[in-house]
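Remarks on the structure that follows.
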Amino acid sequence: MKMVNLTIDGCQVEVPLGSTVLEAAQKIGIEIPTLCYEKDLSLATACRMCVVEVEGNKKNLPAACAQPVMEGMIVHTNTPKVREARRMILELMVANHPLDCLTCEANGRCKLQQYCYEYGVKESSFTGERRRFTVDDGNPFIERDLEKCILCGLCVRVCDEVQGVAAIDYSDRGFDTKVTTFMDRGLADSPCVSCGQCVYLCPVGALTAKPSKGKGRDFEVEKVPTTCGYCGVGCQLALNVKKDKIVGVTNLPDNHNQGYLCVKGRFGYDFVDSPERLTTPLIKRDGEFVEASWDEALDLVAQKMAKVRDEHGPDAIAGLSSARTTNEENYLFQKFFRAVIGTNNIDHCARL
Amino acid sequence: MELVRAHILVCGGTGCTSSGSKAVQEALHRELKKQGLDKEVKIVETGCHGFCEQGPLVIVYPEGTFYCQVQVEDIPELVEEHLLKGRILQRLLFTEPLTQERVPHYKEIDFYRKQRRLVLRNCGYIDPEKIDEYIARDGYVALAKVLGEMTPEDVIEEIKASGLRGRGGAGFPTGLKWGFAAQAPGEKKYVVCNADEGDPGAFMDRSILEGDPHCVLEGMLIGAYAIGSDEGYIYARAEYPLAIKRLKIALAQARELGLMGDNILGTDFCFDLHIKEGAGAFVCGEETALMASIEGQRGMPRSRPPFPANSGLWGKPTNINNVETWANVANIIRNGAKWYGQFGTEKSKGTKVFALTGKVKNTGLVEVPMGIPMREIIYEIGDGILGDKKFKAVQIGGPSGGCLSEGQLDLAVDYESLGSAGAIMGSGGLVVMDEETCMVDVAKFFLDFTRAESCGKCTPCREGIQRMREMLQDFSEGKGSLEDLDKLERLAQTIKDTALCGLGQTAPNPVLTTLRYFRDEYEAHIRDKRCPAGVCRALLTYYIVPELCRGCTACARVCPTGAITGKVKEPHVIDPEKCIKCGACMEACRFDSIILK
Ligand SMILES: Cc1cc2nc3c(=O)[nH]c(=O)nc-3n(C[C@H](O)[C@H](O)[C@H](O)COP(=O)(O)O)c2cc1C
Ligand code: SF4
Ligand code: SF4
Ligand code: SF4
Ligand code: SF4
Ligand code: FES
């Protein structure tokens, strides 16, 4: 691989040809603010927060997320000019934004808030027209408040490029541009599968997970890594737990599922605290279910299966396993039927 | 071949068509028939002559007599005088505004004398719907030369040597661009003609396509051969129906003669073209947005690199050029790079077509050698300011360009000089403004355009143009402070520095240049609450001139706020505190006694 040497803020770095300035900076721990960049997705180069100064470029301040590295390039990521440009961009965003941080779900994890803090933008010095939209809350899991949207386009790209659904896209032009569904019908009336990838990536509070609303800010929750119990893919996820209650689910990137989840893994956790949930085995005695220990229950099942096998032969028993179990569990299941029970009557609900 | 004794050229460009040239043409047919001249005189419908303002235009050859503003009623007299009696019909000749002299010949009119019509050489001379007429003017000779005698490398070298630069705005050297696309790895390559022409008021590309479509096709064929492409697109705005119709006819005729399609002129070279009609978004003229639009996606620009030469249409190496750039190619190949090099300046070779509009006496399409002083375009070709008012500014480059003032009148019109003055060559819009133009108002006008045309993708352009526009609105109402001017300048500079595509990067130019050359005018609005040009309504007051007022009470009766008082038959007065500046009184006054001041 051909390597390229460049200097960023006085530090030498060597990266493969074809890398971007942002990637090179990340390699040596230099932070460049980004709002529309996500390494798994195509480039939008839309927010312009990542602008940097490149020596010799008198024309403009290029976006680090898109600027390819060049041999001998000298980059400055934090000059007064760069900071002034970023401040101005933040001011422009804030001028068109409801500063609702007090009640906003994104408070504490919002990148706009974070950068405004870092660049000292308290409010915008621009007054004037602000976009007005009604909140789209038809979907049971996702709420969209477009007044907070900064049009980074991450939701549009993840929906298309990762989920393959393309339920949302840009419409209108200029100041009126917005992200919307086909014919503005709202998420509930769109092909959206409620996977919530968009909610996770939204850098601000424009997209919220409805079941988590009001239940805890990002900094209040403990993120407990776990494996989704719904299917054999075994997606890794982070249960957001506050005071021993699950209040939401967020991505755990850098796993085999790259953090992405489906509607069940992301939103289907309410059963955990359901009062109807079984917590011990039940055995029917005199027509009534009564609580029993695992030993009692397993003994009973073993005894009954043995009886059927002895009286009617092993082929009188069949096993059907679930797609929610893992490969290893399925392996053990068929082994048990073939070797212990002695039948080939074994099937799986996902056998297509 | 039929032999005729005279040709009557009737302009069929969009300008003349809208001033009634079709009816004139029909009247000519009728009259010739009536006089029994239809066998010896031939009528030819041509493309645009550029002098649309004087249309409908009729030129009679072999003399080359130039008649303007010809109406249907003039036809019997014209035919009788010129074609039967052999006398020039004086009253339809062009009158030189300066000398009041009637000028019979095309070439002697000031408007044409200073021009160098290379790209437009066929516009107005040939029938654009007949390939034979193009061929008769050495059309497709350059293609034959290229296919017969030149390697693709030779072609690229020749274009490089000519110094031709892109006419779509940025002025990138065309030969260099072709070289990149030729070197880019890949079997499949595309060539694209950018005929989006979205600048308000510009019609250079439209006139070329309407008047000489084959020269664009020939240029594209040559370019395709040079870079190794077999397929191309012309992206033309759907608002150009006549251009599209003529392109389609030209394509069909070229295919029929084996000049387009497989094995062109019996060689191995194969190439064909699609015409894609764009829906008329200005941003779709930006090359990456244009290609997204051809692919059927939303016309939004993307970051470059990768440049189209490496990854363009459907990710394939693509060479995109402007209509006028393509239209230069055949001339260069036919006459050689050296011949081309005699026009223009050291770094800006050749000619440039401009749409000259605004407050000049002669408006229209003009082709001038690069490097010509701005003054010559305005005062010699344009014949000076309308109504002999004072020159104030000239806006060059459309909404992406800048406003230059009196001090820049002697500036050479070439890429470098314009750039250093804060303007750009652009695609060729040239709007002249007189003393009655308010520069704050002009900046507002251009921002209205870019605000609506921004694609909305990147923050500085989407949000920033809106805020600049709002600040200008405040200034035009006398609001704001002098510090706000610096703030506006800083905002404009940030947008220029950080926007994703050329639209946002250039949209602040009208603001920055007016601030640079006309800052005092901004200050007058803010500090003195006065619009020196008398344009910004909020700073004007309605006033009844007592000497003219007859006391008819008409104004007082229509005023919705009761701001006007006065006794019958006595002069009335407007209370500026109550007046909401609706203008109803001014319309109602039959004695012109209400003025704005
Ligand atoms: C907002 C915007 C609008 C543009 N519109 C046009 C246009 O209408 N026609 C055109 O030829 N080029 C236009 N361009 C320039 C093209 O992107 C591109 O540079 C040009 O077509 C290249 O051709 P050239 O090298 O022959 O000039 C536009 C650029 C921008 C940024
Ligand atoms: S999106 Fe961010 S900046 Fe906006 S209100 Fe919410 S927390 Fe505040
Ligand atoms: S929830 Fe999933 S499918 Fe729905 S819009 Fe978001 S990314 Fe697309
Ligand atoms: S909703 Fe969120 S993710 Fe989507 S464009 Fe707006 S800010 Fe970006
Ligand atoms: S500069 Fe304007 S037109 Fe260009 S990408 Fe940004 S928003 Fe779109
Ligand atoms: S992160 Fe580079 S433009 Fe948004």
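The values are calculated or read from the model by the stated rules, or taken from the named source; none is laboratory data. For clarity, every value in this text was computed on a predicted model and none was experimentally measured. Note that we place each Cβ from the backbone using ideal geometry, even for glycine, and neighbour counts take in every protein chain shown. Side chains included, ligands, DNA and RNA excluded: accessible areas come from the protein's heavy atoms. Shrake-Rupley method; radii C 1.70, N 1.55, O 1.52, S 1.80 Å.
Looking only at region A:148-161, residues that are within 12 Å of chain B (Cβ to nearest Cβ), open to solvent by less than 60 Å² (accessible area, probe 1.4 Å) and under 17 Å from A:Ser194 (Cβ atoms) come to 1 in all.
Among the residues making up region A:142-154, those that are within 14 Å of ligand 6 (Cβ to nearest atom) and touching a helix residue (DSSP H, G or I) at 6+ places or on another chain (Cβ under 6 Å) are A:Ile150, A:Leu154.
To keep it simple, each residue is scored yes or no on (1) more than 14 Å from chain B (Cβ to nearest Cβ); (2) among the basic types (Lys, Arg).
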| residue | (1), (2) |
| --- | --- |
| A:Lys122 | yes, yes |
| A:Thr134 | yes, no |
| A:Leu146 | no, no |
| A:Gln163 | yes, no |
| A:Thr177 | no, no |
| A:Thr180 | no, no |
| A:Asp184 | yes, no |
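Taken over region A:102-114, the criterion of being open to solvent by less than 70 Å² (accessible area, probe 1.4 Å) and away from every other protein chain (no Cβ under 14 Å) is satisfied by A:Cys104, A:Glu105, A:Ala106, A:Asn107, A:Gly108, A:Cys110, A:Gln113. The single residue among B:Ala507, B:Ala421, B:Ala492 that is within 16 Å of ligand 1 (Cβ to nearest atom) and either touching a Cys at 6+ places or on another chain (Cβ under 6 Å) or closer than 30 Å to B:Phe203 by Cβ (or both) turns out to be B:Ala507. Within the option set B:Glu31, B:Glu45, B:Glu63, B:Glu26, being part of a loop (DSSP other than H, G, I, E, B), open to solvent by 10 Å² or more (accessible area, probe 1.4 Å) and either more than 17 Å from B:Phe203 (Cα to Cα) or modelled with pLDDT of 95 or more (or both) holds for one residue only, B:Glu63. Count of region B:532-545 residues, restricted to those that are modelled with pLDDT of 90 or more, open to solvent by 10 Å² or more (accessible area, probe 1.4 Å) and in a loop (DSSP other than H, G, I, E, B), is 4.
Look at region B:454-472 and say how many of its residues are touching a Lys or Arg at 6+ places or on another chain (Cβ under 7 Å) and assigned to a helix (DSSP H, G or I). Result for region B:454-472: 6. Would you confirm, using the coordinates I've provided, whether A:Ala64 is within 8 Å of chain B (Cβ to nearest Cβ), open to solvent by less than 10 Å² (accessible area, probe 1.4 Å) and in contact (Cβ under 8 Å) with a residue 12 or more places away in the chain? Answer is no for this residue.
Only one of the numbered conditions (1) assigned by TED's automatic domain parsing to the domain that holds B:Tyr415; (2) over 26 Å from B:Ala142 (Cα atoms) is not met by B:Val368, and that is (2). Among the residues making up region A:190-211, a single one is more than 16 Å from ligand 4 (Cβ to nearest atom) and surrounded by 15 or more Cβ atoms within 10 Å (Cβ to Cβ): A:Pro211. Scanning region A:115-147 for residues that are open to solvent by 50 Å² or more (accessible area, probe 1.4 Å) and under 18 Å from A:Gly248 (Cβ atoms), we see that the one that is nearest to ligand 2 (Cβ to nearest atom) is A:Asp137.
Note on region B:454-486: residues that are facing chain A (nearest Cβ under 7 Å) and open to solvent by 20 Å² or more (accessible area, probe 1.4 Å) total 2. Considering the conditions (1) within 14 Å of another protein chain (Cβ to nearest Cβ); (2) over 23 Å from B:Lys457 (Cα atoms); (3) not in a loop (DSSP other than H, G, I, E, B), A:Tyr117 is excluded by exactly one of them, (1). Every condition in (1) more than 23 Å from B:Ala182 (Cα to Cα); (2) within 14 Å of another protein chain (Cβ to nearest Cβ); (3) out of contact with any helix residue (DSSP H, G or I) (no Cβ under 8 Å at 6 or more places or on another chain); (4) free of Cβ contacts under 8 Å to residues at least 60 places away in the same chain holds for B:Ser293 except the one numbered (3).
Selection of first residues in region B:391-415 that are within 16 Å of ligand 4 (Cβ to nearest atom) and of second residues that are open to solvent by 10 Å² or more (accessible area, probe 1.4 Å), restricted to Cβ pairs under 9 Å at least 6 apart or on distinct chains, gives an empty result. Of the residues in region B:298-312, none is under 12 Å from B:Asp196 (Cα atoms), buried (at least 24 other Cβ atoms within 10 Å of the Cβ) and hydrophobic (A, V, I, L, M, F, W, C). When every residue of region B:250-261 is checked against the conditions, at least one turns out to be free of Cβ contacts under 8 Å to residues at least 12 places away in the same chain, among the aliphatic types (A, V, I, L, M) and surrounded by fewer than 21 Cβ atoms within 10 Å (Cβ to Cβ). The test for being over 21 Å from B:Lys114 (Cβ atoms), buried (at least 24 other Cβ atoms within 10 Å of the Cβ) and not assigned by TED's automatic domain parsing to the domain that holds B:Gly166 holds for B:Gly398. Taking A:Tyr230 as the residue in question, decide whether it is modelled with pLDDT under 95, of a type outside the set (Val, Ile, Thr) and not in a helix (DSSP H, G or I). So A:Tyr230 fits the description; yes.
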